[in-house]
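Any read-out appearing in this document is the output of simple, stated calculations on the displayed coordinates, not a laboratory observation. Worth saying up front: this structure is predicted, and the values here are computed from it rather than measured. Reconstructed Cβ throughout: ideal geometry from the backbone, glycine too, with neighbour counts over all protein chains shown.
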Amino acid sequence: MQIDRRTFVAFLAGAAAAWPLAARAQAPMPVIGFLDKGESAGMADNLAGFRRGLAETGYSEGKNLKIEYRWAENHNDRLPALAAELVHMPVAVIAATRSSAPALAAKAATSTIPIVFQTGSDPVKDGLVASMNRPGGNVTGASRLTTALVTKRLDMILELLPKATSIGFLVNPNGVQTAIQVQEMQKATRSRGLALHLVRADSVGEIDTAFAALAQSGIAALVEGSDPLFIDDRKHIVALTIRYKIPTIFFERDSVVAGGLMTYAASFSDSFRQVGAYVGRILKGARPADLPVLQPTKFDLIINMKTAKAIGLTVPPTLLALADEVIE
């Protein structure tokens, strides 16, 4: 069969035009790892925030990006193996969320794959980065500054109970950030003329003992210190606050969703959005060492009205007006 010159040239031109399109269509999607210390349950809002951040940089799960999820289900001893799985795939970036533990496990597993953390503790003291402005290495991320909000949480619980004269403060004596939190709380209660009842617990058993003591102390309200132990024992602590009818402000949203009275904290979903945006920027070529650790830009006051009624509290309209979310 003979093909005239004009037909042959047209064929070559069409093939040349189609080849790049076919090559792009067959190019594999980048794969990122998502390593979390907890469970997938209750993470819908946070994951939506993470995907919003990815979308800001042009990425959409299932369209031009694949995500491999790994959940430690609150067993930190599982994190090293889960991190190793992601490294051996290998993934292009690892998002390590809800505490420093997943990021530390990922950092121990790789010094080359970029890691974007999300934590409420100090990433410098935790050994994740060299400094907030110049992280160095393959790690950067977003900090929720939970330890820096002690005074604000005290003020919020006083909005609820303006006649309070004695405040309890629950801390883990072995916590990395405990000393700083205690200093902040002592300073804040002293300047407001309040008595401070400091209660320490470094195990689940001691939490029961601590609440039994708090119930006898005559405190008007309790501020929960920031610590991973209190996340792991969240439901138990919430149940104790209701059992003893102790108005409590928690340091993270999930405790209020689980039935706790109230929280004031950096927005979790917005913090996840920041992580997603950094993952997208890294996929586009940014280096973690050049991306400063992000600080929170949105804070949420969340009040659980069902719990307020259960412990016999009337929430002032002025406080309700300040709330970003009210759980009925």
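If I take every Cα pair under 8 Å that is 6 or more residues apart in the chain, average their sequence separation and divide by the length, what percent do I get for the relative contact order? Don't skip to the end; give the middle numbers.
Working: 635 pairs, mean separation 64.2, N = 328.
Computed value for the chain: 20 percent relative contact order.
Using a 7 Å offset from Cα along Cα-Cβ at ALA48, what residues in the stretch 281-322 end up with backbone N under 20 Å from the label point?
Correct set: 297-305.
Within 10 Å, count the other beta carbons around each residue, average over each peptide in 168-174, 196-202, and list them highest first.
Numbers: 168-174: 20.7, 196-202: 17.9.
Per-residue mean Cβ counts within 10 Å order the peptides as 168-174, 196-202.
Counting helices only, and only those DSSP H runs with n ≥ 4, report the 222 nm mean residue ellipticity of the chain as the sum of -39,500 (n - 2.57) divided by its residues, in deg cm²/dmol to the nearest 500.
Numbers: 13 runs with 142 residues, N = 328.
Result for the chain, helices only: -13000 deg cm²/dmol.
Under 20 Å Cα-Cα from LYS284, which lysines qualify once same-chain neighbours fewer than 8 residues away are excluded?
Within the straight-line cut-off, LYS284 pairs with LYS63, LYS66.
Kindly provide the Kirkwood hydrodynamic radius of the stretch 177-313 in Å, to one decimal, from all pairs of distinct alpha carbon atoms. Please list the in-between numbers first.
Numbers: mean 1/r = 0.0591 Å⁻¹.
Evaluated on the stretch 177-313, it is 16.9 Å.
Could you tell me how many degrees, from 0 to 90 and to the nearest 10, lie between the Cα long axis of helix 44-56 and the main elongation axis, the longest principal axis, of the Cα atoms of the chain?
40 degrees
Modelling each spin label as a point 7 Å along the Cα-to-Cβ direction, I'd like the MET305/GLN216 distance in nm, to one decimal.
3.8 nm
Order of 274-282, 233-241, 317-325, 206-214 by packing, highest average Cβ count within 10 Å first?
Working: 274-282: 24.9, 233-241: 19.2, 317-325: 11.9, 206-214: 17.0.
Per-residue Cβ counts within 10 Å, averaged per peptide and sorted highest first, yield 274-282, 233-241, 206-214, 317-325.
Relative contact order, percent, of the stretch 229-279 when contacts are C-alpha pairs under 8 Å separated by at least 6 residues? All intermediate terms of the calculation are to be shown ahead of the outcome.
Details: 43 pairs, mean separation 14.3, N = 51.
Relative contact order of the stretch 229-279: 28 percent.
Students often get this wrong, so try it: which of (1) 20.5, 71; (2) 24.5, 101; (3) 21.8, 82 is Rg and Dmax of the Cα atoms in Å as calculated from the structure shown?
(2)
Can you work out D for the stretch 122-166 in µm² s⁻¹ from Stokes-Einstein, where Rh is the Kirkwood radius over C-alpha pairs, the temperature is 10 °C and the viscosity is 1.306 mPa s? Show your work: numbers first, answer last.
Numbers: Rh = 12.9 Å.
Approximately 123 µm²/s, per Stokes-Einstein.
Hey, could you pull the Cα Rg and Dmax for the stretch 150-247, both in Å?
12.5, 33
How much length is gained on full extension from ARG287 to ALA108, taking 0.36 nm per residue of separation minus their Cα-Cα distance? Intermediate values should be presented prior to the final figure.
Numbers: separation 179, 0.36 × 179 = 64.44 nm, distance 1.87 nm.
Length gained between ARG287 and ALA108: 62.6 nm.
From zero up to wherever the largest Cα-Cα distance of the stretch 52-131 sits, split into 5 Å bins and tell me the percent of pairs in each.
Histogramming the stretch 52-131 at 5 Å steps yields 3, 14, 25, 23, 19, 12, 3, 0 percent.
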